[in-house]
Amino acid sequence: MRIVLGVGGGIAAYKVASLLRLFTEAGHKVTVIPTEAATRFVGVATWEALSGNPVSNSVFDDVEKVNHVRLGHEADLIVVAPATADLLAKAATGQAGDLLTNTLLMAHGPVLFAPAMHTEMWQHAATQANVETLRSRGVTVLEPASGRLTGSDSGPGRLPEPEAIFAAAMALAESAVGATASPAAEKPLAGRIVTISAGGTREALDPVRFLGNRSSGKQGAALAAAALAAGATVRFLAAHMDVEAPAGVELVRVESALELREAALKAAVDSDVVIMAAAVADFRPAEFSDTKIKKVDGEDAPVVRLIRNPDILHELVERRNAEGGQQLIVGFAAETGDAQGDVLEHATAKLKRKGCDLLVVNQVGIGRVFGQDENSVVILSGHGAEPQSAAGSKSDVAAAVVDRVGAELARVFPAL
């Protein structure tokens, strides 16, 4: 595969040398185009030595080869890392002041940006608008990682690790090829928009404390990775998670059940599939204290009154049905047995109440499911199909759920 690797002018450029090595060791032919600023962090000689190809950032080098047109035309994939705020702005506004921006304008294949910048720069409204513009044109913009930045600062804006960028790039390239060459059975969600929620919501008591749950987000992240591999565009609604969101998703971060409700209703409008895998709090504190609740000698402990959170899954189903939509909705049920019934009995009743198309059921408890790498589920159908079991790693379970989603789309909503 012919890859153009654009390198932006940021301190994270040194990590891109490892990304280049991953590409070349996988057998790909890589042309590196650093910006002028990038060469002040990592020199041209390094890029030439690692790629085995000449390196330039000028449209006036090798003019007879018309590189500013040829490179974008010939590239099977263009990856830009680190994608600085400046590069994102130039790409979004169609500027063509150097060889890299010219090449981006001439791109015929998929394009992936791996952003890296200071947190305030990433979160600035201008940068977010540029990212939204690029994504609306079909460009993949990864979410930056969170962690240590230049100096002592930490936060979102760190370049994803080279291995994560490599995996996202290969998945993007494979998806692009699969859209034209792979049989539908190999990409059951090709062309579909899939919204997935993951992690555990947190309901604030005061500025310090919250009511939460043990969800790690591992199963939701595995579902997102499986949906990406199946060819879907994935919107990932992430509550509190112990793992990073997969590279390549459209990430929306939420904290509370009310925030998740707002994000889910918005994302579901044009989604083909909604998978609600997040562990959503059933209740939230009725009152929020603006200051930390303190214990006072001689006074009783405060009483926390709870109120119900909205039933997001049921609301999504009701809205779909009211609007006559053909959207597949999948719920997750973390259940425990009790005197009133076992796990499957409770889950079957829940499926009837919720009205969703599929309900993925697992038995939870201390040391079971939450935070673990293994899972065992039963997939119940709202359309009368026999229950289906899946077990193994959470990636194995995710693959089984995504395969079932693809089959349900073809069976229940063939015109979707």
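Each reported figure results from applying straightforward, stated rules to the coordinates on display, with no laboratory input. Because the structure is predicted, anything quoted here is derived from the model rather than measured. Cβ sites come from the backbone with ideal geometry, for glycine too, and all protein chains shown count toward neighbours.
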Degrees between helix 394-412 axis and first principal axis of the chain (Cα, 0 to 90, nearest 10) | 80 degrees
Taking the Cα atoms only, what angle lies between the long axis of helix 343-354 and the longest principal axis of the chain, rounded to 10 degrees?
-> 80 degrees
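Once you mark the GluC sites (Glu not before Pro) that are in a DSSP loop and have at most 14 other Cβ atoms within 10 Å, what is the longest gap between them in the chain? Numbers along the way, then the final one.
Values: sites that count: Glu36, Glu287, Glu299, Glu323.
My reading of the result: 37-286 is the longest stretch.
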MRE, 222 nm, helices only [DSSP H, n ≥ 4, -39500 (n - 2.57), over the chain, to nearest 500] | -11000 deg cm²/dmol
What size of dipole, in debye to the nearest 20, comes out for the chain about its Cα centre when the only charges are +1 on Lys and Arg C-beta atoms and -1 on Asp and Glu C-beta atoms?
-> 180 debye
For region 29-82 the chymotrypsin sites (Phe, Trp or Tyr not before Pro) that pass both the DSSP coil test and the at-most-13 other-Cβ-within-10 Å test are Phe60
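By the gyration tensor of its Cα atoms, with a ≥ b ≥ c the square roots of the eigenvalues, what is the shape of region 236-277: rounded for a/c under 1.5, prolate for a/b over b/c, or oblate?
Values: a/c = 2.07, a/b = 1.18, b/c = 1.75.
Because a/c hits 1.5 or more and a/b fails to exceed b/c, region 236-277 counts as oblate.
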Find the lysine pairs in the chain meeting two conditions, Cα atoms under 21 Å apart and a separation of 8 or more places or different chains, and report how many there are.
-> 5
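Work out the FRET efficiency for Phe288 and Val63 from their Cβ-Cβ distance, taking R0 = 60 Å, and round it to the nearest 0.05.
Details: r = 65 Å, r/R0 = 1.08.
Step by step, r from the Cβ atoms, then E = 0.40.
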Nearest 0.05, what FRET efficiency do Lys352 and Ala407 give at R0 = 30 Å with Cβ-Cβ as r?
-> 0.85
Shape call for region 15-77, from the Cα gyration tensor axes a ≥ b ≥ c (a/c under 1.5 means rounded, otherwise prolate when a/b beats b/c, else oblate), comes out oblate
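Can you tell me the order of 266-272, 111-117 when each peptide is scored by its average per-residue count of other Cβ atoms within 10 angstrom, highest first?
Details: 266-272: 18.0, 111-117: 26.9.
Highest mean packing first, the order is 111-117, 266-272.
Treating only the Cβ of Lys, Arg, Asp and Glu as charged (+1, +1, -1, -1), what charge dipole size does region 186-412 show about its Cα centre? Round to the nearest 20 debye.
Values: 26 positive and 32 negative charges, 37 e Å.
In total the dipole reaches around 180 debye.
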Helix 257-268: angle to the longest alpha-carbon principal axis of the chain, degrees 0 to 90, nearest 10?
-> 60 degrees
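Would region 242-388 count as rounded, prolate or oblate if I go by the C-alpha gyration tensor, calling it rounded below 1.5 in a/c and otherwise prolate when a/b exceeds b/c, oblate otherwise?
Numbers: a/c = 1.77, a/b = 1.42, b/c = 1.25.
It comes out prolate by the Cα gyration axes.
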Cα extents of region 2-177 along the three principal axes, largest first, in whole Å?
-> 45, 32, 31
